[in-house]
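Taken together, the values in this text are just the output of simple stated rules run on the coordinates, not laboratory data. As the structure is a computational prediction, the values presented were derived from the model and not from experiment. Cβ: placed from backbone, ideal geometry, glycine included. Neighbour counts: every protein chain shown.
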Amino acid sequence: MSISLDAQDEKTYNKICNPAFKNAFNEVVNFIKEANKYIPEVIATVVTAEGVDVEKCKEIADSLGVKLRIRSLDVVV
């Protein structure tokens with residue numbers, strides 16, 4: 001399962017994603033954590049965009065026990 005983490009913190013996440021709901025970043029992080037308990041392979045993804053700290057995102061993914069896939073903006077593989 002691939003889940004878009006998108007940013008290293010709530011402020012950056014809100015700027016990039018403009019979520020409709022409050023606390024969306026923390027809920028995404030919680031979803032990744034819970035999914036990893038039940039899904040054999042969970043991968044968090046992040047797009048290299050202005051303001052995104054890829055190293056911090058890697059730390060988050062590592063702390064959740066999932067891999068991190070780093071993608072470039074506007075590049076579809």
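Numbers for the structure displayed
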read-out: ARG69 long-range amide H proximity, modeled H, under 5 Å; value: ALA44, THR45, VAL46
read-out: Candidate lysines for bridging to LYS15, where Cα separation is under 22 Å - those fewer than 8 sequence places away on the same chain excluded; value: LYS56, LYS58
read-out: In nm, spacing of pseudo-spin labels at ARG69 and TYR38 (7 Å Cα→C-beta vector); value: 2.1
read-out: Computed over segment 2-72, Kirkwood Rh from alpha-carbon pairs, angstrom; value: 12.0
